[in-house]
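Asker: Can you keep this structure in mind? I'll have questions shortly.
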Amino acid sequence: QVHFVESGGGLVQAGGSLRLSCAASGSTAGANSMEWYRQAPGKQRELVAVISTGDYTYYVDSVKGRFTISRDNAKNTVDLQMNSLKPEDTAVYYCNVRKNGFFIGSWGQGTQVTVSS
């Protein structure tokens, strides 16, 4: 099974930037997409960004124009560049990988992002 280690979170003021990184261990061969999620206190985990075969990208409306997802297939990593951060971006951020519509990895510990106003 694939395991993930997320890193790069921290405390930042509103308007600042962070770059998250997710390293996948185990085979992701044949995966269709690599995805970032976040979960704020008291809320459900939500999809933030997707990068799929052919480098097609998708972003939830609330982060469009501010976040950029990218991946390095050779290193089996997926990054999330987050600019113009807002307090509502505060959450624990997680990554995962889908193959044929199903997650093929177990959820990691995530990385905490806290944006102060």
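The values are calculated or read from the model by the stated rules, or taken from the named source; none is laboratory data. Treat the numbers as computed from the prediction; the structure is a model and nothing was measured. Counting neighbours? That spans all protein chains shown, and the Cβs are built from the backbone with ideal geometry, glycine included. Keep in mind that these areas ignore ligands, DNA and RNA; they rest on the heavy atoms of the full protein, side chains included. Shrake-Rupley method; radii C 1.70, N 1.55, O 1.52, S 1.80 Å.
Asker: Which members of the range 80-93 meet the condition of being part of a strand (DSSP E or B), touching a Leu at 6+ places or on another chain (Cβ under 9 Å) and open to solvent by less than 30 Å² (accessible area, probe 1.4 Å)?
Answerer: L80, M82, Y93
Asker: If you don't mind, there's one more thing I want to ask. Among the listed residues T68, T114, which satisfies the condition of being free of Cβ contacts under 8 Å to residues at least 60 places away in the same chain and either in contact with a helix residue (DSSP H, G or I) (Cβ under 7 Å, 6 or more places away or on another chain) or assigned to a strand (DSSP E or B) (or both)?
Answerer: T68
Asker: State yes or no: is V12 at pLDDT 95 or above and in contact with a helix residue (DSSP H, G or I) (Cβ under 7 Å, 6 or more places away or on another chain)?
Answerer: Answer is no for this residue.
Asker: OK, next. Considering only residues that are modelled with pLDDT under 95 and among the hydroxyl-bearing types (S, T, Y), look in the range 57-108 and name the one that is farthest from Q44 (Cα to Cα).
Answerer: Among them, the one singled out is T77.
Asker: Okay, moving on. Out of everything in the range 60-78 that is surrounded by fewer than 20 Cβ atoms within 10 Å (Cβ to Cβ) and in contact with a Leu (Cβ under 9 Å, 6 or more places away or on another chain), what residue ends up being farthest from G8 (Cα to Cα)?
Answerer: So, considering only residues that are surrounded by fewer than 20 Cβ atoms within 10 Å (Cβ to Cβ) and in contact with a Leu (Cβ under 9 Å, 6 or more places away or on another chain), the one farthest from G8 (Cα to Cα) is V60.
Asker: Now, a different point. What number of residues within the range 3-47 satisfy the criterion of being among the aliphatic types (A, V, I, L, M) and under 16 Å from D72 (Cα atoms)?
Answerer: Looking only at that region, the number is 7.
Asker: How many residues are in a loop (DSSP other than H, G, I, E, B), open to solvent by less than 30 Å² (accessible area, probe 1.4 Å) and either among the β-branched types (V, I, T) or touching a Phe, Trp or Tyr at 6+ places or on another chain (Cβ under 7 Å) (or both) if we restrict to the range 1-55?
Answerer: Count: 1.
Asker: Within the range 94-104, does at least one residue satisfy the condition of being of a type in the set (G, A, S), open to solvent by 30 Å² or more (accessible area, probe 1.4 Å) and within 17 Å of G8 (Cβ to Cβ)?
Answerer: Taking every residue of the range 94-104 in turn, none turns out to be of a type in the set (G, A, S), open to solvent by 30 Å² or more (accessible area, probe 1.4 Å) and within 17 Å of G8 (Cβ to Cβ).
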